[in-house]
Amino acid sequence: MSNVVESPARPSGRAIAAGGVLAVVLTVVLVAGLDTGTALTAPDGLRRTISEYGLGPQAWVFTAAVVLLAAGSIAALVTFVRHGLLKLFSGTSIALTLWTLGMIVIAIFPKQDRSMPSSMSGQVHRLASLVAFISLPIAAFLLAKAMARKHEWTAFVRRTRILGALSVVMFSPLVYSIVVGVITGTAWWRVLPIGYVERGLLLAEVLTVLVIGHWSMAVSKKDQIESGRPA
């Protein structure tokens, strides 16, 4: 009998990409579930940010959703790097990594509870949110630029650019709120119904991650077909 122990098979690129997309879909399901419950029981609660869920009894659901979104994002990045379409230290890879790290930090550090004195956790949460929300559209634009000359990815390039632009548009009301807040002395989160603004931004960015994830699945499938081996 042989004493050689076989190492477990390395997950295929296609499995990693598909798992990432599934993780993002689960994020949508969890957040939609939270918002549906709020809409049915306390509709005014939707005016508050999604991060508010991290301060209540449903914090574990919020945390799970954010971690799943981060996992889906890193799965797409790993797939692109693994198949040689992105370099590990490229601008796209760095931007996607910053987005992912931002999501993880958001999950670890709860947002500021406005009924309590200012906290370090709240400051870290706000900074991580800013880094994440800016990094993803940058990653989308850089990815689209890197693939623009590859005609087989034309549709994905177009979708990624559109959603990257939509993310920028949806981010602009937050910039407006901050500027108005500085000028008028009004708390920036009171300038606009920040909960609705944030939900619009999150929707645009989650859709961006879904498109990038779908793209990574297509990359793995193409590689599998061309090489005749598991992707």
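See the values below:
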item: Scan of region 103-116 for residues that are over 20 Å from ILE178 (Cα atoms) and either small (Gly, Ala, Ser) or over 12 Å from the mean Cα position of the chain (by Cα) (or both), ordered by number; result: VAL105, ALA107, ILE108, PHE109, PRO110, SER115, MET116
item: Some residue of region 120-129 being without any contact (Cβ under 8 Å) to a residue 40 or more places away in the chain and touching a Pro at 6+ places or on another chain (Cβ under 8 Å); result: yes
item: Test: residue in region 151-161 that is under 19 Å from THR27 (Cβ atoms), modelled with pLDDT of 90 or more and out of contact with any His (no Cβ under 9 Å at 6 or more places or on another chain); result: yes
item: Residue within region 65-79 that is farther than 25 Å from ALA15 by Cα, under 15 Å from the mean Cα position of the chain (by Cα) and among the β-branched types (Val, Ile, Thr) present; result: no
item: Hits in region 132-142 (condition: in contact with a Phe, Trp or Tyr (Cβ under 8 Å, 6 or more places away or on another chain) and either modelled with pLDDT under 95 or not polar (S, T, N, Q) (or both)); result: ALA132, PHE133, ILE134, LEU136, PRO137, ALA139
item: Lone qualifier among VAL61, VAL81, VAL67, VAL105 - being surrounded by fewer than 23 Cβ atoms within 10 Å (Cβ to Cβ), in contact with a Leu (Cβ under 9 Å, 6 or more places away or on another chain) and under 22 Å from ALA32 (Cβ atoms); result: VAL61
item: Single residue of GLY45, GLY13, GLY72, GLY54 found to be surrounded by 15 or more Cβ atoms within 10 Å (Cβ to Cβ) and either among the polar types (S, T, N, Q) or at pLDDT 95 or above (or both); result: GLY72
item: Cross-chain or 6+ apart pairs with Cβ under 7 Å, region 12-31 first and at negative phi, then among the hydroxyl-bearing types (Ser, Thr, Tyr); result: GLY13/THR79; GLY13/SER220; ARG14/SER220; ILE16/THR79; ALA17/THR79; ALA17/SER216; ALA17/SER220; GLY20/SER216
item: Among the residues listed as LEU98, LEU88, the single one being closer than 24 Å to ILE212 by Cα and not in a helix (DSSP H, G or I); result: LEU88
item: Region 38-85, residues that are over 26 Å from VAL157 (Cβ atoms), part of a helix (DSSP H, G or I), in contact (Cβ under 8 Å) with a residue 24 or more places away in the chain and among the β-branched types (Val, Ile, Thr); result: ILE50, VAL61, THR63, VAL66, VAL67
item: Residue match in region 102-112 (condition: assigned to a loop (DSSP other than H, G, I, E, B), free of Cβ contacts under 8 Å to residues at least 24 places away in the same chain and more than 25 Å from MET170 (Cα to Cα)); result: no
item: Complete set of residues in region 185-195 that are in contact (Cβ under 8 Å) with a residue 40 or more places away in the chain and either crowded, with 17+ Cβ neighbours inside 10 Å or touching a Pro at 6+ places or on another chain (Cβ under 6 Å) (or both); result: TRP189, ILE194, GLY195
item: In region 128-167, residue farthest from ILE212 (Cα to Cα) [restricted to those that are part of a helix (DSSP H, G or I) and basic (Lys, Arg)]; result: LYS145
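Listed here are the residues, each with its yes/no results for (1) part of a helix (DSSP H, G or I); (2) polar (S, T, N, Q); (3) without any contact (Cβ under 8 Å) to a residue 60 or more places away in the chain; (4) under 29 Å from LYS150 (Cβ atoms).
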{"position": "VAL169", "(1), (2), (3), (4)": "yes, no, yes, yes"}
{"position": "PRO173", "(1), (2), (3), (4)": "yes, no, yes, no"}
{"position": "ILE183", "(1), (2), (3), (4)": "yes, no, yes, no"}
{"position": "VAL197", "(1), (2), (3), (4)": "yes, no, yes, no"}
{"position": "LEU201", "(1), (2), (3), (4)": "yes, no, no, no"}
{"position": "LEU210", "(1), (2), (3), (4)": "yes, no, no, yes"}
{"position": "SER216", "(1), (2), (3), (4)": "yes, yes, no, yes"}
{"position": "LYS222", "(1), (2), (3), (4)": "yes, no, no, yes"}
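The values are calculated or read from the model by the stated rules, or taken from the named source; none is laboratory data. Please read these numbers as outputs of a predicted model, since none were measured by experiment. Glycine also receives a Cβ, built like all others from the backbone with ideal geometry; neighbour counts cover every protein chain displayed.
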